[in-house]
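One structure is given here, and the rest of the page talks about it.
Coordinate-derived values only; no laboratory data. As the structure is a prediction and not an experimental result, all values here were calculated from the model. Methodologically, a virtual Cβ is constructed for each residue, glycine included, from the backbone with ideal geometry; neighbour enumeration extends over all protein chains shown.
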Amino acid sequence: MKSPAKLEVRNLTKVYPGTRALQDFSAELTGGKVYALLGKNGSGKSTLVKCLSGAVQPTSGEILVDGVEVAFSSPAEASGLGIAVVYQELSLVLDFTVAENILLGRYERKGPWKVWIDWKRTNARAEVLLKVLHIDIPVTRKVSALSVGQRQMIEIAKAMAQDPRVLILDEPTSALARSEVASLMEVVRSARDAGVVVIFITHKLNEIWGIADYVTVLRDSWHIGTVPLAEATPKVIVEMMFGETKIHTRPRDLVVGSRRRLEVKNLTRHGKYENVSLHVNEGEILGIAGMLGSGRTELLRGIFGADPIDSGIVVLNGVEILKPSIPLMKRHGLAMTPENRKEEGLVQMLPIADNLCYASLNDIARWGILTAKRQDPVVRRWIDALQIKVSSPTYPVSSLSGGNQQKVVVGNWLNTDPTVVIVDEPSRGIDVQAKYQIFEILWDLSRRGVSVVFVSSELEELLEVCHRIVVMEAGRITKEIPVPEATSIEELYTLCMGDPAS
């Protein structure tokens with residue numbers, strides 16, 4: 001057995017034009033240990049992983065593996081020098097077998113000049129690795145036949161097949177059901193027991209106590225500290241992650257009416273969310289708080305009809321709907337701006353004007369024909385009302401900044417004259433000024449009596465924007481908080497991260 005690995009990082013810094021994404025990160029991590037890497041969005045976690053994995057080159061600083069300084073210009077070089085990363089987005093070939101994926105590009109060979117692949121020896125080699133990792137999956141099974149949790153285990157096995165000294169796992173449980181998480185944790189422990197340095201990125205507090213030996217926290221690009229798990233109480237972790245956080249105040253003229261606009265009764269999609277019930281009144285802004293993988297986006301898509309539901313009822317403006325679909329929900333007054341605006345909310349190569357009109361084409365077009373005479377007033381209305389900065393509405397929407405693209409998504413759906421608007425991560429990837437312009441749009445909708453359901457991973461945004469917040473964890477609503485009572489970002493974040501004892 002190899003001696004435990006050692007990873008040293010000295011003053012690692014990454015500067016982009018106008019911002020420092022990572023500042024003087026230094027740490028010594030030893031093999032045979034699992035380090036939970038925590039920090040809210042924008043804290044520098046992703047930048048650190050990119051620097052360690054070779055995806056980007058640090059501006060300054062040093063990385064040493066087993067006492068030897070390493071430098072690499074690509075993930076392939078980093079992998080060759082002992083650093084492997086398993087990302088949230090899996091990179092398996094679905095039509096290949098488990099063994100083919102694990103040993104991709106490193107198959108056993110036979111025959112003259114080693115031309116032919118020796119599938120018997122290749123499969124046997126993969127079986128040995130799976131046995132060491134306590135993964136009970138046939139190596140000849142196609143990956144397309146596996147569950148998401150099983151695929152995640154095969155992704156880790158694929159990384160371990162490269163004999164890494166450092167294994168970085170980026171939110172490995174975010175898409176897994178609870179039943180799959182325990183199996184994945186066994187695989188992580190097997191990697192740890194092999195003497196590997198394991199860096200485990202997660203937002204779920206209850207996972208830390210089941211797997212980590214140390215907790216490392218980043219905040220605003222700085223390494224706040226690394227503490228043993230025994231010292232890492234929820235209070236300590238949240239204080240390290242947030243420090244002093246200023247919460248802005250929601251305008252006082254936003255009045256919640258008595259009329260119920262949206263009600264969800266026992267909505268269920270197995271493996272995603274279970275028996276979720278909530279309601280939103282006229283003019284109310286309801287926030288849904290929860291960590292990645294809590295089921296927030298899946299719930300919103302179910303309500304909107306973008307994904308099927310297994311059971312439950314959606315009541316929209318007094319109408320009971322058993323099988324939501326996007327056309328049906330839109331017809332009854334529901335609009336939704338998706339989390340992934342670039343792929344699901346916009347057609348990047350087409351003009352800004354067209355992107356502002358897609359959701360309301362049936363109203364704008366006459367006899368199925370869209371003319372500039374009918375389109376132009378609508379486009380100009382929303383460009384002016386939402387203060388979208390455009391040189392010309394004929395330019396492709398991809399030419400706009402992230403904040404202005406988000407405004408186009410909002411304008412597109414406001415064209416449908418909705419009574420309820422669902423916004424999923426509307427401020428992701430946009431600057432502070434654009435973020436508060438989006439908030440002003442939501443507050444203006446409230447003033448007009450439109451109900452809003454607002455999801456954000458930045459929990460302080462929910463405290464700033466909403467009248468009321470419900471907390472989601474593991475596919476269930478676990479808490480409801482009127483915002484005047486939710487004065488502490490630390491308290492809200494701890495609720496979202498889950499009970500360590502669970």
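Here are a few things to note about the model shown:
- Distance between modelled label sites at Ser147 and Arg476, nm, 7 Å Cα→Cβ extension: 1.8 nm
- Selection from Asn362, Met349, Ala385 lying farthest towards where the dipole of region 341-417 points positive, charges on Cβ: Ala385
- Computed label-point distance, nm, for sites Arg381 and Tyr436 using a 7 Å Cα→Cβ extension: 2.9 nm
- For the listed peptides 253-265, 282-294, 328-340, a ranking on the average number of other beta carbons within 10 Å per residue, highest first, reads 282-294, 328-340, 253-265.
- For region 160-304, the pair-distance distribution built from all alpha carbon pairs, in bins 5 Å wide starting at 0, is 2, 7, 13, 15, 14, 14, 13, 10, 6, 3, 2, 1, 0 percent.
- Student exercise, the chain dipole from Lys, Arg, Asp, Glu Cβ charges, in Debye to nearest 20: 1160 debye
- Gain on full extension, evaluated as 0.36 nm per residue between Ile369 and Arg10 minus their Cα-Cα distance, stands at 123.0 nm.
- Working from Cα pairs under 8 Å separated by at least six residues, relative contact order for the chain is 15 percent.
- Distance between modelled label sites at Arg189 and Ala230, nm, 7 Å Cα→Cβ extension: 2.0 nm
- When the listed pairs Lys272/Lys330; Lys14/Lys40; Lys323/Lys435; Lys50/Lys110; Lys45/Lys342 are checked against a 27 Å cut-off, the alpha-carbon distance exceeds it for Lys323/Lys435; Lys50/Lys110.
- Listed residues Gly257, Leu103, Ser183: farthest to the positive end of the dipole of the chain (Cβ charges): Leu103
- Between Lys6 and Gly31, Asp66, the built amide H atoms are under 5 Å apart, and every one of these is 5 or more places off in sequence or on another chain.
- Among the listed values (1) 197; (2) 140; (3) 176, the one computed from these coordinates for volume of the Cα convex hull per residue in Å³ is (3).
- Acute angle (nearest 10 degrees) that the helix 119-132 long axis makes with the longest principal axis of the chain, alpha-carbon atoms: 80 degrees
- Calculated P(r) of region 341-417 - Cα pairs past 16 Å, %: 41 percent
- Residue among Ile211, Phe200, Pro234 farthest towards the positive dipole end of region 177-261, charges placed on Cβ: Pro234
- Here is the tail figure for region 6-242: Cα pairs spaced more than 30 Å apart come to 27 percent of all pairs.
- For the chain, the 222 nm mean residue ellipticity estimated from helices alone, with every DSSP H stretch of n ≥ 4 adding -39500 (n - 2.57) and the total spread over all residues, rounds to -9000 deg cm²/dmol.
- Radius of gyration and maximum dimension Dmax of region 90-188, Cα, Å: 13.8, 49
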